[in-house]
Amino acid sequence: MSQNTLSPIATNGGDLWAKFGETWKSQIEALKQQFGERIEEVKLPSEYPTDVPIVYVKKEAIIDALGFARSTLEYGFLSDLTATDEESEPRFELVYNLFSHTKFTRIRFKTRVRENEECPTLVNLWPGANWQEREVFDMFGVRFTGHPDLRRILMDERWVGHPLRKDYPLRGYQVFTEAQHIHTELLE
Amino acid sequence: MSKDGSIGYLTTRLEDFVNWGRKNAMWPLPFGTSCCGIEMMATMCSDYDIARFGAEAMRFSPRQADLLIVAGIINLKMAPILKSVYDQMGDPKFVLSMGACASSGGIFNVYSVLQGIDTMIPVDVYVPGCPPSPEGVLHGLIRLQGMVARGETNSQKRERAQNEARRQMKGV
């Protein structure tokens with residue numbers, strides 16, 4: 001499986017890099033000029049097995065960086081917001097996948113969050129981030145400051161724990177015989 | 001019975017006669033949650049035609065159905081809903097667990113999936129397969145019909161036990 005080797009040429013990123021490399025380089029240059037030290041790390045497809053560039057931003061600057069990407073770099077579409085449990089310190093990585101409808105490029109922003117640490121919400125920039133942040137909270141237990149309605153979205157509201165954390169048991173069933181409480185005030 | 005109609009009746013036990021009616025006119029509630037549901041639809045359609053066994057009247061209201069076909073994966077969040085659907089069905093009620101997921105959780109031995117609906121509600125017939133073929137579902141239905149005729153389903157056993165307890169309380 002050539003996809004899994006560490007050679008950047010073997011990944012799908014090789015083709016994309018030939019096509020969009022210059023665009024990405026100029027965009028990352030603009031990000032570095034704007035944010036300087038607050039950009040922690042940049043992983044390019046030419047040197048790391050990834051399909052699109054990964055920009056690690058400090059947690060305090062992530063909303064500003066995403067806003068800059070949206071307004072100046074024309075990444076108008078938040079195609080995904082998710083997280084990973086790295087089992088290291090800091091524990092979680094939040095992943096923001098963006099797509100540009102004008103330049104047809106994608107870019108990935110990441111920020112590292114410690115356990116029991118809150119991250120600012122993205123709802124004010126992309127309202128669609130509302131449910132995705134709820135999913136991240138449900139699955140990983142990462143809380144978002146300023147989120148309008150941070151409840152569980154997939155699991156039962158009586159559920160204890162966050163199932164996609166690495167230390168959650170694979171077969172940690174919690175069976176409920178009664179259906180969960182319906183929030184009638186939300187039905188309005 | 002002769003052709004001139006001189007003996008126009010059969011002798012039978014009332015319970016057997018009622019069970020004969022039950023087994024030949026089952027009204028299924030199709031609880032299809034995944035790919036097994038598609039196979040169940042194929043079973044209903046003309047190629048396999050579940051109507052040949054008198055079970056073509058699909059009812060999406062539990063009050064009108066007596067056969068619960070659980071076709072597909074039951075998540076833990078769905079489990080209480082399945083239970084309330086089963087509870088709302090009138091007695092006697094029969095449950096056909098269709099496919100690996102409904103019977104045992106199947107390949108989904110993870111935190112979010114109920115490990116077999118028999119942990120939640122009593123099941124009469126398990127149909128194996130992933131998904132089972134329509135022939136398998138029909139075979140399960142025929143087996144269930146035999147069980148109903150003999151009074152072996154969970155619901156009928158429960159009813160007999162209740163009647164027995166009532167008789168003993170009355171001292172008959």
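All of the numbers you see were taken from the coordinates with simple rules; none came from a lab. Here the structure is a predicted model, which is why all the values come from computation and not from measurement. Ideal geometry is used to build each Cβ from the backbone, glycine not excepted, and the neighbour counts take in all protein chains shown.
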Provide, as a two-decimal number, the C-alpha radius of gyration of the stretch A:136-185 over 2.2 N^0.38 Å, N being how many residues it has. 1.27
Assigning unit charges at the beta carbon (Lys, Arg +1; Asp, Glu -1) and nothing else, what dipole magnitude in debye, to the nearest 20, does chain A show about its Cα centre? 380
Can you give the FRET efficiency to the nearest 0.05 for A:E86 and A:A179, using r as the Cβ-Cβ distance and R₀ = 41 Å? 0.70
Sparse-neighbourhood loop sites, chymotrypsin sites (Phe, Trp or Tyr not before Pro) in the stretch A:52-143 - DSSP loop, at most 11 other Cβ within 10 angstrom: A:F104
Using only the alpha-carbon atoms, how far is helix B:79-88 inclined from the longest principal axis of chain B? Give it as 0 to 90 degrees, nearest 10. 20
Distance histogram in 10 Å bins (all Cα pairs of chain A, percent per bin): 9, 31, 32, 20, 7, 1
Please identify every one of the GluC sites (Glu not before Pro) in the stretch A:35-142 that sits in a loop by DSSP and has no more than 16 other beta carbons within 10 Å of its own beta carbon. A:E47, A:E74, A:E86, A:E87, A:E115, A:E117
Cα to Cα, under 21 Å, and not fewer than 8 places away if on the same chain: which lysines meet these conditions relative to A:K19? A:K43, A:K103
Per residue of A:144-157, count partner chain C-beta atoms within 10 Å of its C-beta, then hand back the mean as an integer. 1
If every alpha-carbon in the protein assembly as shown counts as one equal scatterer, what log10 I(q)/I(0) does Debye give at q = 0.07, 0.13, 0.15 1/Å? -0.51, -1.05, -1.19
When you look at the Cβ of every residue in B:134-144, what mean number of other chain Cβ atoms sits within 10 Å? 0
For the stretch A:123-128, in order, what is each residue's ³J(HN,Hα) by Karplus, 6.51 cos²θ - 1.76 cosθ + 1.60 with θ = phi - 60°, in whole Hz (x at glycine and Pro)? 4, 5, 7, 10, x, x
Name the most mobile residue of A:S79, A:S100, A:S26, meaning the one with the largest mean-square fluctuation, in a Gaussian network model of chain A with Cα contacts below 10 Å. A:S26
From fewest to most C-beta neighbours within 10 Å, the residues B:K23, B:K157 line up as B:K157, B:K23
Along chain B, longest interval not containing exposed chymotrypsin sites (Phe, Trp or Tyr not before Pro), exposed being DSSP loop plus at most 15 other Cβ atoms within 10 Å: B:61-172
Hey, what angle do you get for helix A:62-71 against the long axis of chain A, alpha-carbon based, 0 to 90 degrees rounded to 10? 60
Residues whose built amide H sits under 5 Å from the amide H of A:E115, excluding neighbours closer than 5 in sequence, are A:R91, A:F92
Total lysine pairs under 23 Å (Cα atoms) in chain B, excluding pairs fewer than 8 apart on one chain: 6
Counting other beta carbons within 10 Å of each Cβ, put A:C119, B:C35 in order, fewest first. B:C35, A:C119
Under 14 Å from the A:E60 label point (7 Å along Cα→beta-carbon), backbone N, the stretch A:109-151: A:120
